[in-house]
Structure formats: C-alpha cells, structure tokens
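Everything on this sheet refers to the single structure shown next.
Computed from the coordinates by the stated procedures, all read-outs in this text should not be read as laboratory data. This structure is a prediction, so every number in the text was calculated from the model and none was measured. Reconstructed Cβ throughout: ideal geometry from the backbone, glycine too, with neighbour counts over all protein chains shown.
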Amino acid sequence: MERHVLITFPHPDDEAFGVAGTVIQYTRAGVPVTYACGTLGEMGRNMGNPFFATRETLPEIRKKELQEACRVMGIKDLRLLGLHDKTIEFEDEDEVADKIYRIIEDVRPSLIITFYPGFAVHPDHDAYGAAVIRAAMRLPEDQRPKIYCKAFSQNCEAYLGSPDIVNDVSDVFDQKLEAIKAHRSQTEGSLKEWIPKLTNNDPDLVEWIGKETFWIYKGPVAV
Amino acid sequence: MNIVTGCGNLEAIRKEDVQKVLDDFAGQELYIHLETTNGVYTGFRRPDQLSVGAFIRNGKIRYSRGKITGNGPYRVGLKMESGWVYAEGLTDWEVDDKGRLLLAGHHKDGKLAIALELSKEPF
C-alpha cells in the first residue's frame, strides 16, 4: 500500500475520467492523496445551455467544482499552482518544475500520477507532465517515487505498449461518477449522453469508466 | 449537489444597447480580451481538421469608433489609430458587475467559440 499519493494534472477535471476511481480506492484505504492542479481551466469552452458561466466567471466556478470533486474523492489536500490554462508550454520549464518540486518535498509521496509527456494530446497535459517528471528526476533514484502516467494519444500504445496497470475501479463506480458529475461545467454534456447508456449497461462505456489504465514512467520516448 | 452559476445577466445581444456601451468606451484606454477557438481536441477527434485558437488577454487598446453590425450573430469592429480589432459570430452579451463589456459567441450547445471583452481595469 502507498504511503502518500500525489496526483498532478493541469486542469480541474483531468483527474475525473481516468484517475478518480483509483484515488477513491486509495483514500478509502486511508492513504492520503494530494492533488497539485496547475490551472483553473480558465479557457474552457463550455458555458452551458442555459448559460451558467461567462469567460470571466468560469475560473471561480471550476475552482468550486474541483473542491467538490476533491471532497467526493476524499482528497483533503488540494494545491492550486495558479498557472493559466493553455500557457504552460510557454512558461519556463524549471519554474513550473520548481513549484511541483516544492510539493513533492513537502508531501514526500510514494507514488506520483501525471500525464505521460508527449502522449497526452493537450499541450498543457504534455507540458505539465514534463514538468512533473523534471521535478521528480531531481530526486536521487533511491528516493524517487514511482510515477504512473496517463496516456491517450492515438499513437500511445504503438510507442509505450499496452498499459502496465489496468486498475479495476468497478467497486467505486458510483463514487467515480459523482466525482465526474462534480465538474458539471465540463461534464454535463457527456453525462447526458451516458445516463441512458449506463442504464442499459453499455459494455464499452462501463469498461471505459470501470477500468483505469496507467503506464509506469520509463523515461523519455522518442516519437 | 449545489449548482454553482455565475452567468450574471448574460443574454442574447441587443444591438442598440451594445452600441451604447461601445460608444461610451470610445476614446479611452481599455484592456481587451479577444479569443476564438474551435477546441483543442478538434484535431484529435477529427484528424482531417485543425485545432485552431488564439487569445489576447489584457492587451491595451484605445479605439476612436466601435460599431456592432449584422442581424445576429453579430460582428464588432473597433477602429484604432493604426489598425482594427474585429470579431465575428457574437451572440450574447452582458455588462458585468465590474462594468466590463463581455461579448461572446456560443454554439447552440453552450460552447464558447469567440469572446470579445473590454474593461477599464485589467482582467
């Protein structure tokens, strides 16, 4: 069992689809989880129909949603890094890594979960994952936590192979759905499509939500 | 779950009212937020498409004439001393509690496609 888990993603809701179930399993087992969230997803597009947000109110709404999601997942330590959505790749890489390194030093995680740089589609995902790796690599190998990465680019399996870890989270399926729902501004549309499918036990969707996949970080991969 | 909302008075554009605000703001030093996007996952979901987007936040501008045109969706042009600001596809607006003019174009599902905002203070 882990001593302390640090999850690191750039946008509120990045954790919901692919990690929330795993997090819930950890917190239920008494493992503390810290979430270092890079931005407030300030540039999200979904304002609702009817509207529930404007470009200017969205960050505060997403912050509240994130706090609610953390409550659902049992995360008691949420760190907001204050970066701006869509800009992480343009920041000084060491500065972003510094922010994450300070959190690593503070919580001394036994496991870090982040995006696999280069295989996470959104430029913020790749840049933030790279900063997390950079920060972790500053630790000597014998003190370095394990790093599990999320990857979902079209080519990820061609380069990384099959996921190293396929975690069955069906035991916390409903709680995971609650965590997804907490990010209402981002997930309301998807959920509308999911509800009938879930009622009919759509096998693909149940599998997609019920299994969380991770690659163990093995170093940079040339594409 | 509590439903958090923060859309103030965002509503369908009333052209004459927007024009009045544009007139009020003319000739002053203003901060602009201008943005358009088709979504960062467009190219991922549809490999034949490009993900495109651009934003400027807290650019400083001053315009001599600002005008809203069209019959909905609307267009706005701001004529500056040596150039233009242009936005197309605007559908909704509000003047928020900080006196900022927020104009945006939303797809039918509520996704923002363009935003043009003006403020006397930095955003």
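In this structure, is A:Ser190 under 20 Å from B:Phe44 (Cα atoms) and in contact with a Phe, Trp or Tyr (Cβ under 6 Å, 6 or more places away or on another chain)? Spell out the reasoning first.
Details: under 20 Å from B:Phe44 (Cα atoms): yes; in contact with a Phe, Trp or Tyr (Cβ under 6 Å, 6 or more places away or on another chain): no.
So A:Ser190 does not fit the description; no.
If you scan the range A:88-109, which residues turn out to be crowded, with 17+ Cβ neighbours inside 10 Å and outside any helix (DSSP H, G or I)?
Listed by number, the residues that qualify are A:Glu91, A:Pro109.
Only one residue in A:Ala20, A:Ala53, A:Ala36, A:Ala16 is in contact with a Cys (Cβ under 6 Å, 6 or more places away or on another chain), in contact (Cβ under 8 Å) with a residue 40 or more places away in the chain and aliphatic (A, V, I, L, M). Which one?
Values: A:Ala20 fails: in contact with a Cys (Cβ under 6 Å, 6 or more places away or on another chain); A:Ala36 fails: in contact with a Cys (Cβ under 6 Å, 6 or more places away or on another chain); A:Ala16 fails: in contact with a Cys (Cβ under 6 Å, 6 or more places away or on another chain).
Going through A:Ala20, A:Ala53, A:Ala36, A:Ala16 in turn, the sole match is A:Ala53.
Identify the single condition in (1) within 14 Å of another protein chain (Cβ to nearest Cβ); (2) crowded, with 20+ Cβ neighbours inside 10 Å that A:Asn155 does not satisfy, given that it satisfies every other one.
So the condition that A:Asn155 fails would be (2).
Limited to the range A:1-26, what total is found for residues that are surrounded by fewer than 24 Cβ atoms within 10 Å (Cβ to Cβ) and of a type in the set (Phe, Trp, Tyr)?
2
Could you list, in sequence order, all residues of the range A:111-126 that are over 13 Å from A:Asp14 (Cβ atoms), more than 13 Å from the chain's Cα centre (by Cα) and of a type in the set (A, V, I, L, M, F, W, C)?
A:Leu111, A:Phe119 - these are the residues of the range A:111-126 that are over 13 Å from A:Asp14 (Cβ atoms), more than 13 Å from the chain's Cα centre (by Cα) and of a type in the set (A, V, I, L, M, F, W, C).
Looking only at the range A:129-152, which residues are within 14 Å of chain B (Cβ to nearest Cβ) and crowded, with 20+ Cβ neighbours inside 10 Å?
Just the residues of the range A:129-152 that are within 14 Å of chain B (Cβ to nearest Cβ), to begin with: A:151-152.
A:Ala151, the sole residue that qualifies.
Kindly state which strands (runs of 3 or more DSSP E) lie completely within the range B:12-123 and contain at least 1 residues that are within 14 Å of chain A (Cβ to nearest Cβ), in contact with a strand residue (DSSP E or B) (Cβ under 8 Å, 6 or more places away or on another chain) and surrounded by 20 or more Cβ atoms within 10 Å (Cβ to Cβ).
Details: elements: B:30-37, B:53-61, B:63-69, B:74-80, B:83-90, B:92-95, B:101-106, B:112-119.
Hits in the range B:12-123: B:30-37, B:83-90, B:92-95, B:101-106, B:112-119.
When you scan the range A:26-68, how many residues do you find that are on the phi > 0 side of the Ramachandran plot and away from chain B (no Cβ under 14 Å)? Explain how you work it out, then say what you get.
Restricting attention to the range A:26-68, the residues satisfying the condition of being on the phi > 0 side of the Ramachandran plot are A:30, A:41, A:48.
Keeping just the survivors that are away from chain B (no Cβ under 14 Å) gives A:30.
Count: 1.
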